[in-house]
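Some notes on the structure that comes next.
Values quoted throughout were computed directly from the atomic coordinates according to the rules given, and no laboratory measurement underlies them. As the structure is a computational prediction, the values presented were derived from the model and not from experiment. Heads up, the Cβs are rebuilt from the backbone with ideal geometry, glycines too, and the neighbour counts pull from every protein chain shown.
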Amino acid sequence: MLNIVGNKKIWFTLSIILVGAALVSIALFGFKESAEFKGGTLWEFSVPGQNLSSADVENEFVNNLHIVDAETNYDPTNQSFLVRFGTINEVAHQADLNALKTAWPSFQELSFQSISASVGASVLDNAIIAIILVLIGISLYIAFAFRKASRPISSWKYGWITLLTLFHDVSIPAGMLAVLGHFKNVQIDSNFIVALLVVMGFSVHDTIVVFDRIRENLLNHKGKVPFPTIINDSVNQTLARSINTSLTLILVLLALYFVGPADLKYFVLTLLVGVTTGIYSSIFIASPALVVVSPKDER
Amino acid sequence: MRRHPGLFLSLIVIVAIAAVFFVYPKGVGTKVLPWKLGLDLVGGSHLVYEVDLSNVSSTDQNSVIAGLRDVIEKRVNLFGVSEPQIYTAQSGNQAQLIVELAGVKDVSDAINQIGETPLLDFREVETNGSSTQYVFTNLTGQYITGAALTFDPTTNAAQVSITFNKEGADIFQRMTAANVGKPLAIFLDGQLIEAPIVQQEISGGKAVISGNFTVAAAQQLVGRFNAGALPAPIKLVTQQTISPTLGTDSLKKVLFAGLIGTLLVMLFMLFYYRLFGLFAALALTIYIALTLGVFKLIPITLSLAGLAGFILTIGMAVDANVLIFERIKEELKRGLPRSSAIEEGFRRAWPSIRDSNTSTIITAVILYFFTSSFVRGFALTLLIGTLISLFSAITTTRLFLRLFIKDKKDKTA
């Protein structure tokens, strides 16, 4: 049997370092917001047979189209260029399209989106509201679902700890995206928000499995066994299922990451990191944290 | 169900097989009801127009938006788009018209035609010496119910008759009364197109503009009046166009990834839970068939995000099985005979299955109400998938186990 509760200081320290690093990255680098949030244009196209580099594309944009703020990324899976710049209207889009077709006859437009800043801002506002509501909704539900497990700690504390682990589980993938944004120009879009929400909805599954066992063991033993022992036993009894339930999701995510469409790559990566963090937090953070918040004479 | 597991299981299997035929893209199902795929999978344009409602009183806003929708729908239908989708969304003084065009060859042309909706208004003319000033009035195109090309019965000259609605007729009567002998300017998108002289006060809401029109010029003016009946200005704020090549490619890749993911999950279940795992894999197959059937029946327009959401539920659908099987293992270790261990396992795993799925449902519902169309598809597939997975992981698996796993004869409880 693993002594998970006894070594809780190690796990807490590890998590504090990871979450701290994530929060510092977010504060330092911020997120690279996609056109969807801050407005702007994202143009994806391929130019087969021309062997162009991203710099060639940017030069063409500056010299031929007079678009100076273009940022170009090459996507090797689709063999396409992704160019981002400010919002343009349809007339300008058509003019630019014709200019590029003249310059590179094999030019093929794959997708074009141009979004005004006002639309983007409301998408982001709604996303933030949604995240806060999910945090509150799940925590309240946990507090309600565990109302019978009110001794030695009140069911509200289960809710609070769930809130804490949810924060833990979303901050780490979010921090990763901030780092990726800074070094690899990866942008966050509404898929990123969805990924964070799904991580929350899902990482709590494992936490619930352990809490459920704790609830059951508490009712069975009625104070005959010390609280920390009950917690440690419960975590160990449910270890296999906590890991297996997430593992099936991870298998699906791996398939999506490696053979799925390029558009979903960072969405899936965010989920992968979030779900993995979720396994860790449900075993090593949520349950030991229950011991920390229990009354002194129960420890 | 406890008495006749075979009967109920056969029923589920039959429904699932029917669902397979129904959802298979090349099968009979396509003739009955074809799949609805999102623009990101078939290619097309997603256009968002912002409607300026600042000059519309709050009581009129709904009818104005409905009117806009109709005008745009008529214009879109001209392109022969199969089932254009036009939605409206409103919050306060901001309204949005969302137009989705699948399979349009010339999106740019469509955008131009939709976007160039002129705004018509009437202005009073004040002359101060040599300078002319146009004074805004509240008579705009929204009060015009129609315009037609007519001919003067005596001179046979081309003229334009316009008809106002009741409110418009009153305003027009007051305006003409105040401006007899003076010109009344008609503006289209801020451009002066005509300034006929008012001959007398006009009541009854019918007006005739006569001038030295050629038939062609009169016809153009009629067209402008009709188009100008658009009650509020609109502006294209978002355009997302995806080429069919990219769409088809995404569809192929996401389906392939779904297939690989499903196989990995099944292999894992077989490897880890052996015979139990086999039943979980069968239940998962039934789950996939039933869920796709429900998607098609509703019907849900499947976008890339929606398919991704569905594929994620495949990974989650066996979770309940994992919880149940682990419980059954525990009960077996405690020495219960197999059939009782199975019943106990289901009973005891239920609270954690209930609680964890509730949290997913909370997430899906909030996602659905707080996000825009692309993400909504994801939320809806996640929600439906979670609900059906509860059925498949609990009911279907339990029937399988009741039917095929019997107590060993030599073992006593």
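Rounding to the nearest 20 debye, state how big the charge dipole of chain B is about its Cα centre with +1 on each Lys and Arg Cβ and -1 on each Asp and Glu Cβ.
Working: 35 positive and 30 negative charges, 636 e Å.
Here chain B has a charge dipole of around 3060 debye.
Applying the Karplus parametrisation 6.51 cos²θ - 1.76 cosθ + 1.60 with θ = phi - 60° to the phi angles of segment B:127-137, what ³J(HN,Hα) value in whole Hz is obtained for each residue in order, glycine and proline being reported as x?
9, 10, x, 8, 8, 10, 10, 9, 9, 4, 10
Which whole-Hz couplings ³J(HN,Hα) result when phi for each residue of segment B:85-90 is put into the Karplus expression 6.51 cos²θ - 1.76 cosθ + 1.60, θ = phi - 60°, listed in order with x for Gly and Pro?
9, 10, 10, 10, 9, 9
Putting +1 on Lys and Arg Cβ atoms and -1 on Asp and Glu Cβ atoms, find which of A:Ala117, A:Tyr257, A:Thr102 reaches farthest to the positive end of the dipole of chain A.
Value: A:Tyr257.
Which of B:Leu246, B:Phe213, A:Ile142 sits farthest toward the positive end of the charge dipole of the protein assembly as shown, with +1 on the Cβ of Lys and Arg and -1 on the Cβ of Asp and Glu?
A:Ile142
Once you have the alpha carbon radius of gyration of segment B:120-228, what is it after dividing by 2.2 N^0.38 Å, with N set to its residue count? Could you put the intermediate results ahead of the total?
Working: Rg = 13.3 Å, N = 109, 2.2 N^0.38 = 13.1 Å.
In units of the globular-protein estimate, segment B:120-228 measures up at 1.02.
Calculate the tail of P(r) for the protein assembly as shown: the fraction of all Cα-Cα distances greater than 50 Å, expressed in %. Kindly include the intermediate steps, with their values, before the conclusion.
Details: 75812 of 253116 pairs.
Tail fraction, whole percent: 30.
Under a no-solvent Debye model with one identical scatterer per Cα of segment B:235-357, what's log10 I(q)/I(0) at q = 0.09, 0.18, 0.20 Å⁻¹?
Per q value, in the given order, log10 I(q)/I(0) is -0.37, -1.01, -1.15.
Relative contact order for segment A:63-108: what is it in percent, counting Cα pairs under 8 Å that are at least 6 residues apart?
Numbers: 28 pairs, mean separation 13.5, N = 46.
Once divided by the residue count of segment A:63-108, the mean separation gives 29 percent.
Whole Å is fine, so just give me how far the alpha carbon centre of segment B:251-282 lies from that of segment A:1-76.
32 Å
About the Cα centre, and with charges only on the beta carbon of Lys, Arg (+1) and Asp, Glu (-1), how big is the dipole of chain A? Nearest 20 debye, please. Please list the in-between numbers first.
Numbers: 19 positive and 22 negative charges, 428 e Å.
Here the size comes out at about 2060 debye.
Amide H neighbours of B:Lys182 under 5 Å, counting only residues 5+ apart in sequence or on other chains, H built in-plane at 1.01 Å?
Counting only residues 5 or more places away or on other chains, the set is B:Val198.
Fully extended, how many nm does the chain gain between B:Gln191 and B:Ile14 (0.36 nm per residue separation, minus their Cα-Cα distance)?
Details: separation 177, 0.36 × 177 = 63.72 nm, distance 6.72 nm.
Separation in residues times 0.36 nm, less the Cα-Cα distance, equals 57.0 nm.
Which whole-number percentage describes the relative contact order of chain A, with Cα contacts under 8 Å and a sequence gap of 6 or more? Can you show the working numbers first?
Details: 424 pairs, mean separation 75.5, N = 299.
The normalised contact order for chain A reaches 25 percent.
How many times 2.2 N^0.38 Å is the alpha carbon radius of gyration of segment A:88-150?
Working: Rg = 23.7 Å, N = 63, 2.2 N^0.38 = 10.6 Å.
Against the compact-globule rule of thumb, the ratio is 2.23.
If you average the alpha carbon positions of segment B:160-219 and of segment B:326-371, how far apart do those two centres end up, in angstrom?
Taking the Cα centre of segment B:326-371 as reference, the centre of segment B:160-219 is 73 Å away.
Give the long-range amide H neighbours of B:Thr88: residues separated by 5 or more places, or on another chain, with amide H under 5 Å away, using H modelled in the peptide plane at 1.01 Å from N.
It is B:Ile98, by chain and number.
Within 10 Å, at most 14 other Cβ atoms, and a DSSP state outside H, G, I, E, B define an exposed site. Report the longest part of chain B free of exposed trypsin sites (Lys or Arg not before Pro).
Numbers: sites that count: B:Arg2, B:Arg3, B:Lys26, B:Lys105, B:Arg334, B:Lys406, B:Lys408, B:Lys409, B:Lys411.
Within chain B, the longest run free of exposed trypsin sites (Lys or Arg not before Pro) spans B:106-333.
Along the positive direction of the dipole of chain B (beta-carbon charges: Lys, Arg +1; Asp, Glu -1; about the Cα centre), which of B:Thr127, B:Phe256, B:Leu284 reaches farthest?
Towards the positive end, the residue furthest out is B:Leu284.
Under 25 °C and 0.890 mPa s, how fast does chain B diffuse according to Stokes-Einstein, given a Kirkwood radius computed over C-alpha pairs? Answer in µm²/s, whole number. List each step's numbers first, then the result.
On the way: Rh = 26.5 Å.
Once the numbers are plugged in, D ends up at 93 µm²/s.
Angle between the Cα long axis of helix B:166-178 and the longest principal axis of chain B, 0 to 90 degrees, nearest 10?
It is inclined by approximately 30 degrees.
List the pairs from A:Lys38/A:Lys265; A:Lys8/A:Lys148; B:Lys166/B:Lys206; A:Lys32/B:Lys253; A:Lys148/A:Lys222 whose alpha-carbon separation is above 19 Å, in the order I gave them. The partial results should precede the final answer.
Details: A:Lys38/A:Lys265 21 Å; A:Lys8/A:Lys148 26 Å; B:Lys166/B:Lys206 10 Å; A:Lys32/B:Lys253 27 Å; A:Lys148/A:Lys222 12 Å.
Too far apart for the 19 Å limit: A:Lys38/A:Lys265; A:Lys8/A:Lys148; A:Lys32/B:Lys253.
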